[in-house]
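The values are calculated or read from the model by the stated rules, or taken from the named source; none is laboratory data. Since we're looking at a predicted model, the values are computed, not measured. Glycine gets a Cβ as well: all are built from the backbone with ideal geometry, and neighbour counts include every protein chain shown. When the accessible area is computed, the model is the full protein with side chains, heavy atoms only, and any ligands, DNA or RNA have been set aside. Shrake-Rupley method; radii C 1.70, N 1.55, O 1.52, S 1.80 Å.
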Amino acid sequence: MAIGPLNRLLGHVLRHQPAACHSYDAPPGSAALRRSIARRGGDAGYDVSADDIVITSGAKEAVYLSIGAVTKAGDTVAIESPAYYALLEVLSSLGLRALEIASHPRHGINLDDLARALESQPVAAVALVSNFSNPTGSCMTDAAKRRLVGLLEAADVPLVEDDVYGDLVYEGRRPSAIKAFDSRGLVLYCSSYSKTLSPGLRVGWAIPGRYQNEVELLKLVVNQATAVAPQLALAAFLDSGGCDRHIRKVRAMYGDQMASMIDAVERHFPASTRLTRPQGGHVLWVQLPAGVDAMDLYDDADRSGIRIAPGPMFSPSHGYRNFIRLNTGFPWSETTERQMTTLGRLVAERVGSGGV
Ligand SMILES: Cc1ncc(COP(=O)(O)O)c(C=O)c1O
């Protein structure tokens, strides 16, 4: 993603603030950046101050630190299913047990099932992606977000909310964060500028609520602090209004790319294929005809240079065998069109050869 003004700001910061850029920072990170992030919180409906924010090296680190802060090895964490595969890696590296709660491809986690789980067994935390989840693209309604906070409060269980895609709504208002409904500090909110600006900047943040000290301590233990130059350049970019202009552009661009991918799947895949219609983000969850094996399809697609994410990646019990996730985060091109034609043919061959 080419962002000239941000690149220039990075150069400016390195030239004019060399002492700051080359010193150790400490958690919670740059005060200037935390102030800018706090000012923008209203877009997602939460009202926090700079003091409530901990800068992290991307959302992934924010999630890792947040889960680490509220669990100990052997604990159970309830997750939406299917779930972002990196969350599964975090749970397994921390020795945690994942409890899969079914998630609707449009509205997210099933709250009746979650309520039953919270009542029937010890659950140390809940973790999910609230808006335009990966891999399904689901987005929880405000009513569901409010109800979820009520369930968490009743059970006194924290939630690690990953909202890395919330800003990428294609049209209309950005959806609220679950954090917006949290008055008791039970939600540890995690996000970053990886999806909207640049994954290479490695700048994200956590709003850990009542677990702020634990998250700051873990951040210090894990890597001291996030690199200073990207934090300062980003703060200046946010304050200049450049970031908002950029986000408006990428929203429309991602919307077009998603529409092109949906259209291609509808034209090239067998008629019994089902797919989600996300209103934001850049992942598309596709249910292939029954019996088509996504792992087997992955191998053939890979040999043709086509990248797909097979469904079993998104579940600790390796379900979703006839599902794939397509990434729509790249500009549509003739190559993508050709690849979708090939992928559709590979799926159709499996249906034709007794795959059903
Ligand atoms: C749901 C989700 N959370 C977090 C990340 C990683 O974010 P970051 O690059 O800021 O660590 C991704 C990247 O794909 C993601 O899909």
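Please go through segment 36-61 and give me each residue that is under 20 Å from the mean Cα position of the chain (by Cα), surrounded by fewer than 17 Cβ atoms within 10 Å (Cβ to Cβ) and not small (Gly, Ala, Ser), ordered by number. Within segment 36-61, 40, 43 qualify. One residue stands out among those in segment 241-274 that are without any contact (Cβ under 8 Å) to a residue 60 or more places away in the chain and small (Gly, Ala, Ser): the one that is least open to solvent (accessible area, probe 1.4 Å), which is 241. Restricting attention to segment 310-340, and to residues there that are of a type in the set (Ser, Thr, Tyr) and not in a helix (DSSP H, G or I), which single residue is nearest to residue 137 (Cα to Cα)? The selected residue is 328. Selection of segment 274-296 for residues being of a type in the set (Val, Ile, Thr) and over 20 Å from residue 351 (Cβ atoms) yields 276, 283.
Residue by residue, here is whether (1) more than 30 Å from residue 175 (Cα to Cα); (2) at pLDDT below 95 holds:
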position: 259; (1), (2): no, no
position: 268; (1), (2): yes, no
position: 337; (1), (2): yes, no
position: 355; (1), (2): yes, yes
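Residue pairs whose Cβ atoms lie under 8 Å apart, sitting 6 or more positions apart in sequence or on different chains, and linking a residue in segment 52-64 that is modelled with pLDDT of 95 or more to a partner that is within 6 Å of the ligand (Cβ to nearest atom) and β-branched (Val, Ile, Thr), are 59/164.
Taking segment 182-224 as the range and being assigned to a helix (DSSP H, G or I), in contact with a Phe, Trp or Tyr (Cβ under 9 Å, 6 or more places away or on another chain) and either within 16 Å of the ligand (Cβ to nearest atom) or at negative phi (or both) as the test, the residues that pass are 199, 201, 218, 222.
Let's see how each residue does on (1) at pLDDT below 95; (2) out of contact with any Lys or Arg (no Cβ under 6 Å at 6 or more places or on another chain); (3) more than 16 Å from the ligand (Cβ to nearest atom); (4) more than 25 Å from residue 286 (Cβ to Cβ):
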{"residue": "100", "(1), (2), (3), (4)": "no, yes, yes, no"}
{"residue": "115", "(1), (2), (3), (4)": "no, yes, yes, yes"}
{"residue": "140", "(1), (2), (3), (4)": "no, yes, no, no"}
{"residue": "154", "(1), (2), (3), (4)": "no, yes, yes, yes"}
{"residue": "164", "(1), (2), (3), (4)": "no, no, no, no"}
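Scanning segment 226-255 for residues that are of a type in the set (Lys, Arg) and touching a Leu at 6+ places or on another chain (Cβ under 9 Å) gives a single hit, 251.
Of 307, 303, 277, which residue is more than 16 Å from the ligand (Cβ to nearest atom), under 20 Å from residue 137 (Cβ atoms) and open to solvent by 10 Å² or more (accessible area, probe 1.4 Å)?
Every option except 277 fails the conditions.
Of all the criteria given as (1) in a loop (DSSP other than H, G, I, E, B); (2) of a type in the set (Gly, Ala, Ser); (3) buried (at least 20 other Cβ atoms within 10 Å of the Cβ), the one not satisfied by residue 73 is (3). Once segment 327-348 is narrowed to residues that are of a type outside the set (Ser, Thr, Tyr) and free of Cβ contacts under 8 Å to residues at least 40 places away in the same chain, the residue that is surrounded by the most Cβ atoms within 10 Å (Cβ to Cβ) is 339.
Does residue 227 satisfy the condition of being out of contact with any Ser or Thr (no Cβ under 9 Å at 6 or more places or on another chain) and either closer than 30 Å to residue 24 by Cβ or assigned by TED's automatic domain parsing to the domain that holds residue 336 (or both)? Spelling it out, it is not the case that residue 227 is out of contact with any Ser or Thr (no Cβ under 9 Å at 6 or more places or on another chain) and either closer than 30 Å to residue 24 by Cβ or assigned by TED's automatic domain parsing to the domain that holds residue 336 (or both).
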